[in-house]
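Following: one structure in structure tokens, then a few remarks.
Just so you know, all these numbers are worked out from the coordinates, no wet-lab data involved. Quick caveat, the model's predicted, so the values are computed rather than measured. Here the Cβ is made from the backbone with ideal geometry for all residues, glycine too, and neighbour counts use every protein chain on show.
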Amino acid sequence: MSSFSKTASPAAVAFDPSWKTILECAAVEVFEMMAGVRPELNSASTGEPTGETTAMVGMAGALCGMTTLRCAKATAGRFAALMLGEAAASDPSSSGDALGELCNMVAGNFKSKISNLADHCMLSVPTVITGQDYSMETSEPTQGILVPLLFEGQPLWVSLIIHT
Amino acid sequence: MKKLKVLIVDDSSVMRKIVERALRQAGLELTEVLEASNGAEALAEVQKGGLDMILSDINMPVMDGLEFLKSLAGVEAAKGVPVIMITTEGSEARVVEALSAGAKGYLRKPFTPEQVKERVTPLLGGAQ
């Protein structure tokens, strides 16, 4: 993305734990509109996110951090099939790109629901990680929100990691 | 019903396919769909002429959607061709900037085929 530098010193927006509901709402709306299936909250989920495909979108400006989506490879393929047609499900590139675009839309939809973020928080282009054995570390302290969802019975995690 | 030649501009190939699919699901008859991954590529396509509509993302590398939109002002082949901007950002300021620069409408991602139809068909005049 070419737009990070266009936001001139916006006032920082403080992290709010109540954003969990907003993040859930933002994600459900995106999946329902783009994939045609409404995910459900996975209230039985207690563990850390797993799955071979992770999409990340960076956030900069009034809020700095990232939004991530993580799910199994087959689930990412299912998203691609629903968004682009069945042939896309077997194309690893399309699966990753589809998850990246969904992550971008979740991040955009989330920030549009928070006062002062829509015009003062910019998003990066999506990055997609393939594989499970990794950890994310940042140089700044962070706070996070994790929303576990079920999409057609398969687990999907949406997270918001904010630099504090 | 006239068949349409449209240009879809987005740095994501998946998003370009999604927009094309949404246009078809909205009931538009597309005779040709051209794609460009940034504003500079799109400008080259526009100069060839014959387009009925342009749908362009805002955030793109090389030349972003707003710069592309402003560049169209000097292109003879772009006269009368409606441009719809597509954005994920939810930024009112950028939407206002796009409309001021000549965009005829905008779509905010995520969108449904119904929303695409609502935004696109009024701009096509007698073409649909």
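Computed values, structure above
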{"item": "Partner lysines for residue B:5 [C-alpha distance under 27 Å; skip if fewer than 8 residues away on the same chain]", "result": "B:17, B:48, B:70, B:79, B:104, B:109, B:117"}
{"item": "Test item: B:12-25 mean partner chain Cβ contacts at 10 Å", "result": "4"}
{"item": "Within 10 Å of each Cβ in B:109-120, the average number of Cβ atoms from other chains", "result": "3"}
{"item": "Dipole axis of the protein assembly as shown (+1 Lys, Arg; -1 Asp, Glu on Cβ), positive-most option in B:50, A:105, A:125", "result": "B:50"}
{"item": "Local electrostatic count at residue A:50 - Lys and Arg +1, Asp and Glu -1, tallied over other residues with Cβ under 13 Å", "result": "-1"}
{"item": "Computed over the protein assembly as shown, the ratio Rg/Rh where both radii use C-alpha atoms and Rh is Kirkwood", "result": "0.97"}
{"item": "Euclidean distance between Cα centres, the stretch B:71-96 to the stretch A:40-65, Å", "result": "33 Å"}
{"item": "Relative contact order of chain A, pairs being alpha-carbon contacts under 8 Å that are 6 or more residues apart, as %", "result": "33 percent"}
{"item": "Averaged over A:114-125, number of beta-carbon atoms from partner chains that fall within 10 Å", "result": "3"}
{"item": "Mean shadow area of chain A over all directions, Cα convex hull, nm²", "result": "9.4 nm²"}
{"item": "Neighbour-count ranking [beta-carbon atoms within 10 angstrom, fewest first] of A:54, B:121", "result": "B:121, A:54"}
{"item": "Distant-in-sequence amide H partners of residue A:142 (H built 1.01 Å from N, under 5 Å)", "result": "A:164"}
{"item": "Chain B: translational diffusion in µm²/s, Stokes-Einstein, Kirkwood Rh over Cα pairs, 4 °C, 1.567 mPa s", "result": "91 µm²/s"}
{"item": "Positive minus negative residues near residue A:72 (Lys, Arg vs Asp, Glu; Cβ under 11 Å)", "result": "+2"}
